[in-house]
Amino acid sequence: MAYDLIIRNAHLRKRKGKVDIAVEKGVIKKIAATIKEKAKKVIDAKGNLVTESFVNTHLHLCKVYTTEQLDSKALLEYHSGDMGGAMTAIEAASRVKANYNEKSIMINVRKALKLAALHGNTHIRAFADVDSKAKLIGVKALLKMKKEFEGIVDLQIVAFPQDGVVREPGTVKLIRKAMELGCDVVGGIPWIEYTVEDEQTHIDEMFDIAKDFDADVSMLVDDAGCDQLHTLEKMAVRSIKDKRTGRDLAHHARAMSQYSTPYFKRISALLKKAGMGVVSDPHTGPLHAKVKELRAEGNLVCLGQDDIADAFYPFGQNNMLEVGFLNVHLLWMTTFPEMEEIYDMITIDAADCINLPKFRVEKGAPANLVVLDAKTVYEALWYHKEPLHVVSHGKLVDKKAMRKGLDV
């Protein structure tokens, strides 16, 4: 018998000694100290760490590499100490959509996805703005890119009403149209509305669409330093009411940094009841959700890239090891066990947050793997180097092809 691929001399995170990993038809078929069978392709890991590939649960993909099209107003407002200008920042950033066209978006997205492939980032939940300015331009561009990178970098495309629903008449119809075109996830940003009543309308409209399309929901909630923002709570309550356990995902929740302990405990309990994870991106704003506290309570938490060179964050390489490295510092998770948790938050926990089945290095699991240029998680985070090899859906990623045309 010949397998499609065998990775030899691999070191796994929770197993002593070197192992071989056999892959056939996109699935891990065998893990053993020695696999005697042959393979069409053999990789020698040389004792380096082999893990699940990386998962980016939050990326505004339609806006990558647009930061130079705008002045610094959005950055200055969004990065203010209490993030009190977050709403103003979003309004300022929306100017970039005046120049939206599919061709330019696709050029930028292609670059971002090539970098993702090179860095072992094989799955991305990608947001596309849908509103009166963006219309469906970003959605259509991302749908084409999804097809182009199929089997290399998987995209879950989120139809995202960045500028609100009540504030932007006609957006609900556009979100429905985006789902009809092939978007995977219904987005939301209820805290951007002007009133508490409008926040609830925003949530209800998006959850109604999700029900109609049997889709997951991803919402950016409470993205400012105000303990009176409660859209995370409203989202969790609606999810529980609709019995959508494990189907919905909260992003940012930066207001959580201001919550009192009793209210935080209540939110934690609601999230667990809803089976709802939280994506945090501490490197893109001065405030962030209580990541360590949530994990201590048993909540599902992961990390996302959020932005790549756009109005809200001027850096980013679609390199989740870089994201992990930054957040080791920002979250002060500097012990070896905490670094292992950070690594979970960019691999297996991130996969659980966006409902990727059986995303583990184990027999019978999909073969989405990275052979790192490192022996340990500590070393991988320290240097955050590009993996030596990337396996996506059982196939070795052609790194030479991914580098072609890149100017980095």
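The values are calculated or read from the model by the stated rules, or taken from the named source; none is laboratory data. Keep in mind it's a predicted model, so treat the numbers as computed, not measured. Virtual Cβ from ideal backbone geometry, glycine too; neighbours counted across all protein chains shown.
Farther than 30 Å from Arg360 by Cα and within 23 Å of the chain's Cα centre (by Cα): does that describe Ser104? Steps first, please.
Working: farther than 30 Å from Arg360 by Cα: yes; within 23 Å of the chain's Cα centre (by Cα): yes.
When the stated conditions are applied, Ser104 passes them.
Among the residues of region 293-330, what is the count of those that are out of contact with any strand residue (DSSP E or B) (no Cβ under 7 Å at 6 or more places or on another chain) and either without any contact (Cβ under 8 Å) to a residue 24 or more places away in the chain or at positive phi (or both)?
The total comes to 6.
How do the pairs read when you match residues in region 172-189 that are of a type outside the set (Ser, Thr, Tyr) with residues anywhere that are modelled with pLDDT under 95 and surrounded by fewer than 24 Cβ atoms within 10 Å (Cβ to Cβ), using Cβ under 6 Å and keeping only pairs 6 or more apart or on different chains?
Within 6 Å, no pair qualifies.
Among the residues that make up region 314-333, is at least one of them farther than 30 Å from Phe264 by Cβ, crowded, with 19+ Cβ neighbours inside 10 Å and touching a helix residue (DSSP H, G or I) at 6+ places or on another chain (Cβ under 6 Å)?
Scanning region 314-333 turns up at least one residue that is farther than 30 Å from Phe264 by Cβ, crowded, with 19+ Cβ neighbours inside 10 Å and touching a helix residue (DSSP H, G or I) at 6+ places or on another chain (Cβ under 6 Å).
For region 392-407, indicate whether the set of residues that are under 22 Å from Thr284 (Cα atoms), of a type in the set (Val, Ile, Thr) and either in contact (Cβ under 8 Å) with a residue 40 or more places away in the chain or assigned by TED's automatic domain parsing to the domain that holds Ile43 (or both) is non-empty.
Here is the first cut: in region 392-407, the ones under 22 Å from Thr284 (Cα atoms) are none.
Among the residues of region 392-407, not one is under 22 Å from Thr284 (Cα atoms), of a type in the set (Val, Ile, Thr) and either in contact (Cβ under 8 Å) with a residue 40 or more places away in the chain or assigned by TED's automatic domain parsing to the domain that holds Ile43 (or both), which makes the answer no.
Go through (1) under 30 Å from Glu148 (Cα atoms); (2) surrounded by 14 or more Cβ atoms within 10 Å (Cβ to Cβ) one by one and return the number of the condition Lys18 breaks.
(1) is the only condition that Lys18 fails.
Test each condition in (1) in the same structural domain as Ala126 (by TED's automatic domain parsing); (2) touching a helix residue (DSSP H, G or I) at 6+ places or on another chain (Cβ under 6 Å); (3) touching a residue at least 40 places away in the same chain (Cβ under 8 Å); (4) not charged (D, E, K, R) for Leu372 and report the one that comes out false.
Leu372 satisfies every listed condition except (1).
Kindly evaluate Gln156 against the criterion of being modelled with pLDDT of 95 or more, under 20 Å from Ile90 (Cβ atoms) and among the polar types (S, T, N, Q). Write out each step before concluding.
Working: modelled with pLDDT of 95 or more: yes; under 20 Å from Ile90 (Cβ atoms): no; among the polar types (S, T, N, Q): yes.
When the stated conditions are applied, Gln156 does not pass them.
Hey, among the residues in region 284-341 that are part of a helix (DSSP H, G or I) and basic (Lys, Arg), which one's farthest from Lys73 (Cα to Cα)?
In the first step, residues of region 284-341 are kept if they are part of a helix (DSSP H, G or I); the result is 284, 291-296, 320-330, 336-341.
Of the ones still in play, those that are also basic (Lys, Arg) are 292, 295.
On the way: Lys292: 31, Arg295: 34 Å.
Per the criteria, the residue is Arg295.
Report, by residue number, each residue of region 366-389 that is in a strand (DSSP E or B), aliphatic (A, V, I, L, M) and within 13 Å of Gly26 (Cα to Cα).
At the first step, the residues of region 366-389 found to be in a strand (DSSP E or B) are 366, 369-371, 389.
Applying the additional criterion that residues be aliphatic (A, V, I, L, M) yields 369-371.
The answer is Leu369, and nothing else.
I'm told Lys363 meets every condition in (1) in a helix (DSSP H, G or I); (2) in contact (Cβ under 8 Å) with a residue 60 or more places away in the chain except one. Can you identify the failing condition by its number?
Going through (1) in a helix (DSSP H, G or I); (2) in contact (Cβ under 8 Å) with a residue 60 or more places away in the chain one by one, Lys363 breaks only (1).
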